[in-house]
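Asks: Here you go, one structure.
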There are 6 protein chains.
Amino acid sequence: MFSVTVRDHMMIAHSFRGEVFGPAQALHGATYIVDATFRRATLDADNVVVDIGRAAEELHAVVGGLSYRNLDDETDFAGVNTTTEMLAQVVADRLVERVRAGGLGEGAWGLTGIAVTLRESHLAWASYERAL
Amino acid sequence: MFSVTVRDHMMIAHSFRGEVFGPAQALHGATYIVDATFRRATLDADNVVVDIGRAAEELHAVVGGLSYRNLDDETDFAGVNTTTEMLAQVVADRLVERVRAGGLGEGAWGLTGIAVTLRESHLAWASYERAL
Amino acid sequence: MFSVTVRDHMMIAHSFRGEVFGPAQALHGATYIVDATFRRATLDADNVVVDIGRAAEELHAVVGGLSYRNLDDETDFAGVNTTTEMLAQVVADRLVERVRAGGLGEGAWGLTGIAVTLRESHLAWASYERAL
Amino acid sequence: MFSVTVRDHMMIAHSFRGEVFGPAQALHGATYIVDATFRRATLDADNVVVDIGRAAEELHAVVGGLSYRNLDDETDFAGVNTTTEMLAQVVADRLVERVRAGGLGEGAWGLTGIAVTLRESHLAWASYERAL
Amino acid sequence: MFSVTVRDHMMIAHSFRGEVFGPAQALHGATYIVDATFRRATLDADNVVVDIGRAAEELHAVVGGLSYRNLDDETDFAGVNTTTEMLAQVVADRLVERVRAGGLGEGAWGLTGIAVTLRESHLAWASYERAL
Amino acid sequence: MFSVTVRDHMMIAHSFRGEVFGPAQALHGATYIVDATFRRATLDADNVVVDIGRAAEELHAVVGGLSYRNLDDETDFAGVNTTTEMLAQVVADRLVERVRAGGLGEGAWGLTGIAVTLRESHLAWASYERAL
């Protein structure tokens with residue numbers, strides 16, 4: 001099994017609802033270092049899992065749709081806690097949509113899975129992994 | 001599949017028995033950077049894998065039970081080589097005990113697995129992964 | 001010349017005023033990894049630059065006064081762009097106040113300088129250094 | 001499941017053939033940080049996955065067979081794009097050959113898998129994982 | 001004293017002349033992680049050392065002039081060993097030229113120094129620092 | 001001003017005397033990631049600050065003289081707290097002795113300073129810098 005990972009980041013504001021979140025119930029923010037991993041059982045004719053340049057562009061487009069925003073004001077996330085683990089899923093699902101729309105080219109049809117890790121600090125991170 | 005990881009560390013002394021360990025048969029020590037990963041198939045009502053604050057506290061309690069000690073003097077490890085891989089299992093098993101004792105709250109019943117990685121230097125690390 | 005550095009972090013929301021900031025004029029946020037360095041020409045009788053435990057506590061108190069907040073709402077920062085470089089100065093100056101108030105003990109009188117680095121992502125960071 | 005990972009690196013020149021590679025079609029180079037992970041279900045009598053010193057030596061021998069070379073001139077890679085993901089497989093396969101030749105000792109018969117990750121920059125890396 | 005640092009990278013091929021370089025006399029390559037630090041005594045009216053977006057763009061332009069090349073073929077480096085320390089100076093000097101040509105705007109006139117660090121692996125790096 | 005840095009590590013046991021050290025008064029241990037920086041105003045005829053291979057060898061020899069030991073038993077450190085900052089000085093001073101004994105060759109006569117940083121965890125490190 002092969003995989004290729006590309007890294008980007010996003011800087012957002014948000015707040016959480018629920019006592020479990022303690023001081024994070026107040027409006028605050030985070031830098032998320034975002035790692036997107038593309039999995040595939042075999043390499044293509046060029047010997048790649050995916051065109052890494054296009055993979056980076058697609059990831060950049062996805063994080064660009066979240067960056068420099070207050071997620072509390074986004075209709076997509078109304079009434080939802082935008083936790084690190086939940087945002088990992090959002091990034092992964094949006095990447096899958098883009099792959100299916102052809103964003104990574106025909107070569108990407110061979111991809112079998114995507115994993116996304118969001119690092120919120122040097123002490124904590126979350127991941128979401130799904131088939132494709 | 002979702003996961004959340006928290007990081008802590010511990011500083012211990014120990015020695016190893018067996019020629020395979022070479023100079024590490026002498027009393028020496030290590031800083032272990034300890035990453036504990038909690039896995040779960042779905043998020044709970046708060047959109048989290050686990051209360052990350054409590055996860056960090058439970059991990060801190062486990063590493064606190066090993067930190068600033070000479071492991072050669074611990075009865076738990078009498079006659080045992082406290083290698084990096086073995087200590088990864090110790091930390092994981094102790095975390096599981098704490099989860100089962102309710103340390104992470106009722107939400108933690110949905111956890112399906114725990115993985116622990118101990119980094120002994122910038123050049124070597126070991127992991128242990130188990131179901132929960 | 002000796003130095004000791006301790007690391008902590010803070011997660012805040014803020015926005016910037018001025019066209020130079022582009023999309024960062026919108027309310028967003030950041031995780032700042034905060035490194036505080038204490039400098040001293042000679043070691044004390046215990047062979048330390050500073051009590052590292054107390055240094056970590058003082059830094060934690062300073063970042064705790066900024067964490068989980070929207071800096072746009074803080075009266076200390078009214079009408080001010082809370083850039084990474086400016087916040088590095090805020091953290092350093094607040095640490096100096098605490099050192100002078102005795103927060104690091106008498107041993108800290110020998111300190112000659114403090115430097116603070118705030119890492120806003122894997123791609124950018126800022127520092128401020130001052131005498132003490 | 002246990003694993004142990006050791007890190008080494010190699011510095012090579014190469015070029016790629018195919019429009020998908022854009023400017024990387026020109027002769028250029030890379031430092032690859034190489035992480036080799038050895039997996040095993042149980043620990044041996046010494047409480048290790050593998051003799052970590054020998055694991056590091058075997059990995060060093062494998063990367064030494066690629067380092068400080070122009071891969072375009074290597075007969076092993078004639079007509080082949082030596083992408084990061086392809087080189088991860090090369091390193092893993094060569095490690096497996098060495099394990100089977102006894103390079104890690106009899107204890108290594110218990111190994112169940114090997115994974116190799118090559119980091120080409122702070123923004124991109126690739127992995128290959130196989131059974132053993 | 002304030003500073004702001006931005007990170008980029010470049011992937012090049014080259015060879016060295018001189019016995020001191022051992023196996024690195026052969027054509028090989030490197031990924032250089034490039035950190036450019038801009039120093040300034042006081043912040044400008046926007047509370048910044050430099051427009052960080054433009055600083056990143058200027059650095060990207062400089063590393064873009066070196067990336068994906070065989071430095072042995074560059075006329076700028078004819079008969080010269082393109083060591084890590086020498087390339088740090090090249091990047092710093094080219095950044096200074098761009099600052100003087102107005103690439104960072106009028107605000108950059110207040111800069112007092114530039115430092116550039118090139119990381120060639122997880123085990124070695126080199127820096128060059130100069131006034132501006 | 002140029003500099004070159006090489007990284008190595010050492011794993012030691014020790015204990016501290018003095019209430020300021022709290023739980024670290026017990027026998028424990030540490031992995032120190034050791035970075036040695038060599039400074040020089042100009043490059044030599046080969047375009048290097050120092051022969052990086054020999055620099056790495058000399059550093060390895062110095063950390064080898066401390067590794068896999070209980071520093072409490074070393075006569076060099078009798079009655080002395082082997083703190084991170086003190087050990088940074090020990091490594092730097094021993095490197096200077098080796099440079100003066102010719103360990104880095106004649107080219108090293110141009111070196112103007114050495115700095116050593118010891119990282120004891122992801123949260124704390126110490127440095128010592130001296131002229132040469």
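The values are calculated or read from the model by the stated rules, or taken from the named source; none is laboratory data. All values derive from a computational prediction rather than experimental measurement. Here the Cβ positions follow ideal geometry from the backbone for every residue, glycine too, while neighbour counts run over all protein chains shown. We work out accessible area using only protein heavy atoms, side chains counted, and drop any ligands, DNA or RNA first. Shrake-Rupley method; radii C 1.70, N 1.55, O 1.52, S 1.80 Å.
Asks: Pick from region A:79-120 the residues that are on the phi < 0 side of the Ramachandran plot and assigned to a loop (DSSP other than H, G, I, E, B): which of them is most open to solvent (accessible area, probe 1.4 Å)?
Replies: Among those that are on the phi < 0 side of the Ramachandran plot and assigned to a loop (DSSP other than H, G, I, E, B), it is A:Ala101.
Asks: Moving on to the next point. Considering each of C:Ala61, C:Ala56, C:Ala36 in turn, give the residue that is surrounded by 21 or more Cβ atoms within 10 Å (Cβ to Cβ), more than 7 Å from every other protein chain (Cβ to nearest Cβ) and at pLDDT 95 or above.
Replies: C:Ala36
Asks: Can you tell me which residue within region B:64-78, out of those that are more than 29 Å from B:Arg39 (Cα to Cα) and among the acidic types (Asp, Glu), is most open to solvent (accessible area, probe 1.4 Å)?
Replies: Out of the qualifying residues, it is B:Asp73.
Asks: Check F:Val50, F:Val96 and return the single one that is touching a Leu at 6+ places or on another chain (Cβ under 9 Å), farther than 22 Å from B:Ala30 by Cα, touching a residue at least 60 places away in the same chain (Cβ under 8 Å) and away from chain B (no Cβ under 14 Å).
Replies: F:Val50
Asks: Sticking with this structure for a sec: Any chance you could count how many residues in region E:1-33 are within 7 Å of another protein chain (Cβ to nearest Cβ), hydrophobic (A, V, I, L, M, F, W, C) and in contact (Cβ under 8 Å) with a residue 24 or more places away in the chain?
Replies: Final tally of qualifying residues: 10.
Asks: If you go through region E:96-132 one residue at a time, how many are over 27 Å from F:Asp35 (Cα atoms) and not β-branched (Val, Ile, Thr)?
Replies: Summing the residues that are over 27 Å from F:Asp35 (Cα atoms) and not β-branched (Val, Ile, Thr) in region E:96-132 gives 15.
Asks: In addition: From the set of residues in region A:39-53 that are among the aliphatic types (A, V, I, L, M) and assigned to a loop (DSSP other than H, G, I, E, B), which is most open to solvent (accessible area, probe 1.4 Å)?
Replies: A:Ala45
Asks: Additional query: Only one of A:Val49, A:Val4, A:Val20, A:Val96 is of a type in the set (A, V, I, L, M) and at pLDDT below 95. Can you tell me which?
Replies: A:Val20
Asks: Oh, and also: Is it the case that region F:6-21 has a residue that's among the small types (Gly, Ala, Ser), open to solvent by 10 Å² or more (accessible area, probe 1.4 Å) and part of a helix (DSSP H, G or I)?
Replies: no
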